[in-house]
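Student: First the structure, then my questions, so here it is.
Each reported figure results from applying straightforward, stated rules to the coordinates on display, with no laboratory input. Only a predicted model underlies this, so the values are computations on that prediction, with no experimental measurement involved. Note that we place each Cβ from the backbone using ideal geometry, even for glycine, and neighbour counts take in every protein chain shown.
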Amino acid sequence: MNDFRFEQLDIWKEGIILSEKLFNIADLADEKRLYKFAEQLRSAGMSITNNIAEGSGSYSDKEFANYLNISRRSLFECANILHIFEHRKIINQDQRLEIFPELITLSKKITNFRKTLIS
């Protein structure tokens, strides 16, 4: 196979799907001309999968685990941004609550995968 290591990881695959949903929400901020808000969400969303991918190229599991920690923290950043988006009426509570379970689930999966690397 000619795939990169990260392409085999379920957490990366799920992160890509989640990133698409976050980008769609960012588009709503763009429609309200809140471009910096939109860019912040896109950046945090991309950081989830970027750090999984970058970390998968590490020479050690300890180093990879550090990248996974950054990826997980980016998930928390996305959750915070979505709260701000709700308070600023860019999205409603239902829209936020629709994506939150996916953020939480992926966060747990990243944590569990990270534990396998450092145990």
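Student: How many nm separate the modelled label positions at residue 117 and residue 63, each set 7 Å beyond the Cα in the direction of the Cβ?
Tutor: According to this spin-label approximation, the distance is 1.1 nm.
Student: Quick check: pseudo-label points 7 Å beyond the Cα along Cα→Cβ at residue 109 and residue 93, how many nm apart are they?
Tutor: That separation, rounded to one decimal, is 2.8 nm.
Student: Normalised radius of gyration for the stretch 17-76, please: alpha carbon Rg relative to 2.2 N^0.38 Å, two decimal places.
Tutor: Numbers: Rg = 13.4 Å, N = 60, 2.2 N^0.38 = 10.4 Å.
Computed over Cα atoms of the stretch 17-76, the ratio equals 1.29.
Student: Among the listed pairs 21/62; 13/109; 62/115, which are separated by more than 19 Å between their Cα atoms?
Tutor: Check vs 19 Å cut-off fails for 21/62.
Student: If you bin every alpha carbon distance in the stretch 5-118 into 10 Å steps from zero, what whole percent lands in each bin?
Tutor: Histogramming the stretch 5-118 at 10 Å steps yields 15, 47, 26, 11, 1 percent.
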